[in-house]
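Comments concern the structure below.
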Amino acid sequence: FNYPKMDPGKVEKLKHDALKLWHHSISSANIQAENGRFFALEHPVKASSWQDPGALELQNMPGVKACTFDMCQFGLKSPSGVATKKRTRIVTNSPAFVEIFDKDTKMVNADVIKPFSQLVNIFKIQNC
């Protein structure tokens, strides 16, 4: 959002609603972990929501890893066709997600993530 150009009241409502959803997502992730199930939360790397106390607590849980990568590695492009970085973080307790999204991974096996993105080939992660 372009907060400086928006009505301050609308900005506060948007932030309030977003934070409410973020806290629900964190709560759901905690329930998943407590019951031996997997979770994954995704947000831009610089999002202030990663500094939320609940998010910090979740990130510090045993078995949880934060993976960062550029979305252009998965083909994100601007409307004009230029590769767009959009630095992204996924916090997860899923070893499969870590294998796919960890920045040290050199290949992305799209068959593994097909249920999530409907990709059908193996893509090389490129510098972008």
Original post:
Of the residues that make up region 14-36, is at least one assigned to a helix (DSSP H, G or I), among the hydroxyl-bearing types (S, T, Y), modelled with pLDDT of 95 or more and more than 25 Å from K85 (Cβ to Cβ)?
Top reply: yes
Subject >> Tally of residues being in contact with a helix residue (DSSP H, G or I) (Cβ under 8 Å, 6 or more places away or on another chain) and without any contact (Cβ under 8 Å) to a residue 24 or more places away in the chain across region 7-26 >> reply: 1
**OP:** Among the residues of region 1-43, write down those that are surrounded by 13 or more Cβ atoms within 10 Å (Cβ to Cβ) and not hydrophobic (A, V, I, L, M, F, W, C).
**Re:** K15, H23, S25, N30, Q32, E42, H43
**OP:** Can you confirm whether region 112-119 contains a residue that is surrounded by 11 or more Cβ atoms within 10 Å (Cβ to Cβ), modelled with pLDDT of 90 or more, of a type in the set (D, E, K, R) and at negative phi?
**Re:** no
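The values are calculated or read from the model by the stated rules, or taken from the named source; none is laboratory data. These numbers come from a predicted model, not from an experiment. Counting neighbours? That spans all protein chains shown, and the Cβs are built from the backbone with ideal geometry, glycine included.
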